[in-house]
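Asks: Here it is, the structure in full.
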Amino acid sequence: MNARQDTQRPLPELDELQRLIARGGSQLDVSLLTEVTDGAGRYPLYALKLGNPDPQAPVLLLCGGIHGVERIGTQLLLTQLDALLSRLPWDQGLQQDLEHIRLVFCPLLNPAGMARGSRSNGKGVDLMRNAPHNAEEPGAWLLSGHRIGAWLPWYRGALNEPMQAESAALCALVNREIGGAPFCLSLDCHSGFGMRDRLWFPYAGSTRPLEQLGELQALMELYESANPHHRYLLEPQCHQYRTHGDLWDHLYYQHLLRHTDSTGQKPVFLPLTLELGSWLWVRKNLRQLSSFNGLFNPLVPHRQRRILRHHNSLFDFMIRAVRSWQQWLPEGHARDIQQQRALQRWYKDIERP
Ligand SMILES: [Zn+2]
């Protein structure tokens, strides 16, 4: 693995990731997707795979740290990976799961931004506004993404410029890892919005229902019935705000475009975003307001530990849902019914232009 370079800023999450890579040994298939810079040091961007390497195996893709200041998302994934590596030698259930599915971790997507303590990457670009397409119905002016300059937050990058190295690396990874998979569930971990933890699904740039809404509704019902007292608010991202250049919107469009077969069959891809409700931590501890970091991450150790363990059942559920996707995924009429339920649940009050 790459040794730390002298000009790198301290980045404990990268140290922990490299420790886990060393610990995982031959169980982990590690790729260096690219290296990125913050102008001083260079930082590696890794993807780690566990489980069945068959391109046609179903995939659970777990991403974090795309906004550098939201460290808790990266920490959450590193904690999950650590726990999986601990269980693998003895847990036959997990071993069997991994014979059938592939886990792909990309826990530190914006290492240069995280090293700088900034939302954007080392070049000042917000990677979650960096995809090429514009929102069909943009929201608030700056927040929805702009091309004015990197000195303002939510900068998309210059028009007609290639995507940033981090965004391009994620797109290539998704295409490579889920291109042949009949089913993929992904979770991208963020923090910094609202009082509650949310599970968002596309679109971010449109109030239009996503194409595989029936499948998504079936997954949500499965989760809700298995976890009746769960903590998440489930909703399309457009319920809160709409943005240009959302990477998951882009990856979803690309996936459907590339992989729809001649009969119109599409492999199922359900991209979720976990948005941890950091305003609650701020309310409970106003000292969090005294630092930029405190707006996005828990500052008190007991709260950090609580957050890191709160989501265990979600990760456990996702592994089971991917392993058993053929048991619950609705088809034909059952799918249509789920689609109608989802339209009633989330879209009936949306006014579209
Ligand atoms: Zn974020």
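The values are calculated or read from the model by the stated rules, or taken from the named source; none is laboratory data. All of these numbers come straight from a predicted model, not from anything done at the bench. Positions of Cβ are generated from backbone atoms using ideal geometry, with glycine treated the same way; all protein chains shown enter the neighbour counts. Just so you know, the surface numbers come from the protein's heavy atoms only, side chains and all, with ligands and any DNA or RNA stripped out. Shrake-Rupley method; radii C 1.70, N 1.55, O 1.52, S 1.80 Å.
Asks: Per DSSP H run of at least 4 residues, take -39500 (n - 2.57); add these up for the chain, divide by its residues and hand me the 222 nm value, nearest 500 deg cm²/dmol.
Replies: Only helices count here, giving -11000 deg cm²/dmol.
Asks: Quick one: dipole size for the chain, taken about the Cα centre, charges +1 on Lys/Arg Cβ and -1 on Asp/Glu Cβ, in debye to the nearest 20.
Replies: So the dipole magnitude of the chain works out to roughly 1020 debye.
Asks: How large is the accessible surface per residue of the stretch 209-344, computed with a 1.4 Å probe and reported in Å² as a whole number?
Replies: 49 Å²
Asks: Put 350, 178 in order of accessible area, largest first, 1.4 Å probe: what do you get?
Replies: The residues order as 350, 178, largest area first.
Asks: Can you pull the percent of the chain's accessible area that's carbon plus sulfur, 1.4 Å probe, other chains left in place?
Replies: Carbon and sulfur together cover 51 percent of it.
Asks: Please identify, among 330, 12, 58, the residue showing maximal mean-square fluctuation in a Gaussian network model of the chain using a 10 angstrom Cα cutoff.
Replies: Residue with maximal mean-square fluctuation among 330, 12, 58: 12.
Asks: Using the alpha carbons of the stretch 303-353, what is the convex hull volume per residue in cubic angstrom, as a whole number?
Replies: In the stretch 303-353, the Cα hull volume divided by residue count equals 143 Å³.
Asks: Across the stretch 30-113, how large is the tail of the calculated P(r) beyond 19 Å, expressed as a percent of all Cα pairs?
Replies: Value for the stretch 30-113 (Cα pairs over 19 Å): 44 percent.
Asks: Using the Kirkwood formula on the Cα atoms of the stretch 216-305, what hydrodynamic radius do you get, in angstrom to one decimal?
Replies: For the stretch 216-305, the Kirkwood estimate is 16.6 Å.
Asks: At 1.4 Å probe size, what's the solvent-accessible area of residue 231? Round to the nearest 10 Å².
Replies: Surface open to solvent at residue 231 totals about 90 Å².
Asks: Put 151, 248, 328 in order of accessible area, largest first, 1.4 Å probe: what do you get?
Replies: Largest accessible area first, the residues go 151, 328, 248.
Asks: Separate question: Which of 322, 257, 139 sits farthest toward the positive end of the charge dipole of the chain, with +1 on the Cβ of Lys and Arg and -1 on the Cβ of Asp and Glu?
Replies: Of the listed residues, the answer is 139.
Asks: Find which of 241, 7, 212 sits farthest along the positive direction of the dipole of the chain, computed with +1 on the beta-carbon of Lys and Arg, -1 on that of Asp and Glu, about the Cα centre.
Replies: 7
Asks: Pop out the ³J(HN,Hα) list for the stretch 325-336 in order, Karplus 6.51 cos²θ - 1.76 cosθ + 1.60 with θ = phi - 60°, rounded to Hz; leave Gly and Pro as x.
Replies: Couplings: 4, 6, 7, 10, 5, x, 10, x, 5, 4, 5, 4 Hz.
Asks: Could I get the Rg over Rh figure for the chain? Both from C-alpha atoms, Rh via Kirkwood, rounded to two places.
Replies: When Rh is taken as the Kirkwood radius, the ratio is 0.94.
Asks: Then there is this: Not counting ligands, DNA or RNA, and with a 1.4 Å probe, what is residue 305's accessible surface area in Å² rounded to the nearest 10?
Replies: 140 Å²
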